[in-house]
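Comments concern the structure below.
No lab work stands behind these numbers, since they all come straight from the coordinates. Remember, it's a predicted structure, so these values are computed and weren't measured experimentally. Counting neighbours? That spans all protein chains shown, and the Cβs are built from the backbone with ideal geometry, glycine included.
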Amino acid sequence: MPRAIISPSVLASDFGQLTAECKRMIKGGAEWLHMDVMDGHFVPNITMGAPILSCVSKAVPGIFMDCHMMVAQPEKWVDDIANAGGSLYCFHLEATSDPLSLIDAIHDRKMKAGVAISPDTPSTAITDELGEAADMLLVMTVYPGRGGQKFLERCVPKVSELRTRFPEKDIEVDGGVGPKTIDVCADAGSNVIVAGTAIFNDPKPDKVIAILKETVDK
Ligand code: DX5
Ligand code: ZN
């Protein structure tokens, strides 16, 4: 299984201090930063888009932006996110009818491609061909749309199923993940860990990052 990658969700940060918060997370041991892009269509909320990501990538050189695209037309934003410095473009399988072509378009723009599935989408919706084409698979452990929700343990078997079929892929979990819920995620085989409130609401985020990382790599 690949090594642990911790990707703090900046949705839980103080947006007024966004670039400083990203730097603080990297200093605290985070490998990636998870950028939740919501468009008010795929999910009810609106968060941030390419202009903000562009500011972050300029202010934090070398940052790996793990862009979680909770958008209705994921094909539409590939160029903008690439131009803004996005490193990984993770779209929702529920939002596209042609995921393989979308992965090609993402790769053409030199980004890694991720495929996300919401709680009601079975892991088998990710075919062998699709899983092999993607660089990362994201199993949502809450319904996409906002931070601070309760972890849905019923989603965890999907991680195990995907890990069995894709032993070398990055498999990410997102939603309600923190020191209290990391054990089941790690046991099931996820290695990319998103945590928002569990990291940003803690006075010592570096300690939380270390706990998450050690649990995955143990
Ligand atoms: C939910 C987002 C998550 C969320 C995670 O729609 O995709 O990334 O911000 O936040 P926590 O860790 O607080 O559940
Ligand atoms: Zn997310």
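Could you check, for segment 169-188, whether at least one of its residues is free of Cβ contacts under 8 Å to residues at least 40 places away in the same chain and within 20 Å of Asp39 (Cβ to Cβ)?
yes
Under 6 Å by Cβ, and 6 or more places apart or on different chains, what pairs join a residue from segment 131-157 that is closer than 16 Å to Lys169 by Cα with one that is hydrophobic (A, V, I, L, M, F, W, C) and within 11 Å of ligand 1 (Cβ to nearest atom)?
Short answer, once both residue conditions are applied: Leu138/Cys90; Leu138/Ala116; Val139/Val173.
Please determine whether any residue of segment 162-182 is within 12 Å of ligand 1 (Cβ to nearest atom), assigned to a helix (DSSP H, G or I) and surrounded by 15 or more Cβ atoms within 10 Å (Cβ to Cβ).
Pass one, segment 162-182, residues within 12 Å of ligand 1 (Cβ to nearest atom): 172-182.
From what is left, the residues that are assigned to a helix (DSSP H, G or I) are 182.
Now narrow it down to the ones that are surrounded by 15 or more Cβ atoms within 10 Å (Cβ to Cβ): 182.
Yes - at least one qualifying residue is present in segment 162-182.
If you scan segment 163-207, which residues turn out to be more than 18 Å from Lys150 (Cα to Cα) and of a type in the set (A, V, I, L, M, F, W, C)?
Of everything in segment 163-207, those that are more than 18 Å from Lys150 (Cα to Cα) and of a type in the set (A, V, I, L, M, F, W, C) turn out to be Phe166, Ile171, Ala188, Val192.
Yes or no, residue by residue, for (1) surrounded by 23 or more Cβ atoms within 10 Å (Cβ to Cβ); (2) under 13 Å from the mean Cα position of the chain (by Cα); (3) within 14 Å of ligand 1 (Cβ to nearest atom):
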position: Glu132; (1), (2), (3): no, no, no
position: Leu137; (1), (2), (3): yes, yes, no
position: Tyr143; (1), (2), (3): no, no, yes
position: Leu152; (1), (2), (3): no, no, yes
position: Val159; (1), (2), (3): yes, no, no
position: Ala188; (1), (2), (3): no, no, no
position: Pro203; (1), (2), (3): no, no, no
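Table: residues versus (1) within 16 Å of ligand 2 (Cβ to nearest atom); (2) touching a helix residue (DSSP H, G or I) at 6+ places or on another chain (Cβ under 6 Å); (3) under 28 Å from Ala210 (Cα atoms).
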{"residue": "Ser9", "(1), (2), (3)": "yes, no, yes"}
{"residue": "Arg24", "(1), (2), (3)": "no, no, yes"}
{"residue": "Trp32", "(1), (2), (3)": "yes, no, yes"}
{"residue": "Asn45", "(1), (2), (3)": "yes, no, no"}
{"residue": "Pro51", "(1), (2), (3)": "no, no, no"}
{"residue": "Val60", "(1), (2), (3)": "no, yes, yes"}
{"residue": "Pro74", "(1), (2), (3)": "yes, yes, no"}
{"residue": "Trp77", "(1), (2), (3)": "yes, no, no"}
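Which one of these is in a helix (DSSP H, G or I) and not aromatic (Phe, Trp, Tyr): Ser97, Ser54? Steps first, please.
On the way: Ser97 fails: in a helix (DSSP H, G or I).
Just a single option satisfies the conditions, and that option is Ser54.
What single numbered condition from (1) closer than 22 Å to Val216 by Cβ; (2) within 16 Å of ligand 2 (Cβ to nearest atom); (3) of a type outside the set (Ser, Thr, Tyr); (4) assigned to a loop (DSSP other than H, G, I, E, B) fails to hold for Cys67?
Failing condition for Cys67: (4).
Any chance segment 101-109 includes a residue that's away from ligand 2 (no atom under 16 Å from the Cβ), assigned to a helix (DSSP H, G or I), under 19 Å from Trp77 (Cα atoms) and hydroxyl-bearing (Ser, Thr, Tyr)?
First, the residues of segment 101-109 that are away from ligand 2 (no atom under 16 Å from the Cβ): 101-109.
Retained after the next criterion (residues that are assigned to a helix (DSSP H, G or I)): 101-108.
From the residues that got through so far, the ones that are under 19 Å from Trp77 (Cα atoms) too are 101-108.
Next, from what is left, pick out any that are hydroxyl-bearing (Ser, Thr, Tyr): 101.
Looking for residues that are away from ligand 2 (no atom under 16 Å from the Cβ), assigned to a helix (DSSP H, G or I), under 19 Å from Trp77 (Cα atoms) and hydroxyl-bearing (Ser, Thr, Tyr), one finds at least one in segment 101-109, hence yes.
What's the number of the condition Val194 fails, among (1) within 26 Å of Asn45 (Cα to Cα); (2) touching a helix residue (DSSP H, G or I) at 6+ places or on another chain (Cβ under 7 Å); (3) within 16 Å of ligand 2 (Cβ to nearest atom)?
The failed condition is (2).
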